[in-house]
Each structure stands twice: as structure tokens, then as C-alpha cells.
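As C-alpha cells, the structure follows; a few thoughts come after it.
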Amino acid sequence: MDITLNLASPAIRKRRRLHHLAVGGLCLSLLLGLGNFFLYRSSHADLRIAEQRLAKYQEAVRQRESSLSTLPHRLSRKEMARLDARVKLYNKITEGANFSWSGLLFELERAIPKGVALGAIQPEFGKGDVILSGTARTMEDILRCVQRLKEREAFHQVYLLNHAADKRDAGVQFTISLRYRGEPA
């Protein structure tokens, strides 16, 4: 049986505790100092990389500005307007080339009832809006046509814009507006 006696006085134990706390605090401050040092090095490296990128961007801007300054002249407002009109025309041609005429005509063939004759189909290529003009024998034929267009999955926002009796007694003239969804993807 071993018996251990601690004959240290309370003052010595207090000094030892203070010594241990001081050593622990010193170790903690050293660790924090090392962490701050590495954080500083990392942020300093990031700062150098950002400065290099900024210098590259500034050089690119200088080069572009110098190339712009060597252009023979700036475009006038009239030339800009003409150029803008040409770009809009080319965009309209491109949109028209991508428009599915066969799909639209197929869907119209399925929806237009007997007694209704279309005279004009005017699509707005960019928006998908289509204006239909034609004649029908009776007003009921027109209403049936509008209803059948609404029932087709390919059309939505179908509205009868106007109708009037034909002066030559050929029936009723009408104009219908609708939005064509196009072919399913």
C-alpha cells in the first residue's frame, strides 16, 4: 500500500497553477500568431494575383482604346440608324426562316371548319402572334372557328378582333388574332 502525501502549501499550488496558466496562454498566443502569419501570407498572395489581373485588364483596355482611336471616323447618327435598320431586317429574315409554316398550316387545317375561308395569314415571327383574315357563311361559323382554334393545343389567346357583313353578300368578313406556340420540342 502506497501512500502519497502532498506536502506543498496552498501558496506553492497557487503558483504552479499560475505557471501552468501562463504557459498555456503563451502556447495559445503562439498558435494564434502562427495562424495570423499564415492568413497574412495567403491574403498577400491573393492581393498580388489580383494586382496582376488588374494590370492585364488595364493593358487590354489601353490596347482597345488605341485601336478605336485609329478608326478612320465614328459613325454618324444617320449611319447608325441605317445600320440598326439593316440588323433588324436580318433578324426578321432569320426569325422567318425558323418559323414553322408547315406546323401552322397543319394546325389551321385541323381547326378551320367548313363554311370558313381564310384570305390572309399574317404571322409576327418574333412573338408568335398570327392574324387570320377571311370570310364565313354565317356568324355561327365564325364562332365555331374561334372555339375550335381555342381547343387546339398549338394556339392560345384566340380573339375575334372584328367582323362585318360583306357588301357583295358573300357572307361575313372577320379578323382573328391568336398566338401560335409552334411545334412541340
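The values are calculated or read from the model by the stated rules, or taken from the named source; none is laboratory data. These figures come from a predicted structure and were not determined experimentally. All Cβ positions, even for glycine, are placed from backbone atoms using ideal geometry, and neighbour counts span all protein chains on display.
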- Message: within 30 Å of residue 137 (Cα to Cα), acidic (Asp, Glu) and surrounded by 10 or more Cβ atoms within 10 Å (Cβ to Cβ): is that true of residue 107 in this structure?
- Response: yes
- Message: If I ask for residues that are out of contact with any helix residue (DSSP H, G or I) (no Cβ under 9 Å at 6 or more places or on another chain) and in contact (Cβ under 8 Å) with a residue 12 or more places away in the chain, which ones from the stretch 112-127 would you list?
- Response: 117, 119, 120, 127
- Message: Of everything in the stretch 150-185, what is among the hydrophobic types (A, V, I, L, M, F, W, C) and under 31 Å from the mean Cα position of the chain (by Cα)? Give them in sequence order.
- Response: 154, 155, 158, 178, 185
- Can you tell me which residues in the stretch 128-157 are within 21 Å of residue 100 (Cβ to Cβ) and either in contact (Cβ under 8 Å) with a residue 60 or more places away in the chain or surrounded by fewer than 14 Cβ atoms within 10 Å (Cβ to Cβ) (or both)? 151, 153, 156, 157
- Note on the structure: Just one listed residue, out of 168, 179, 148, is assigned to a helix (DSSP H, G or I) and either over 16 Å from residue 120 (Cα atoms) or at pLDDT below 90 (or both), and it is 148
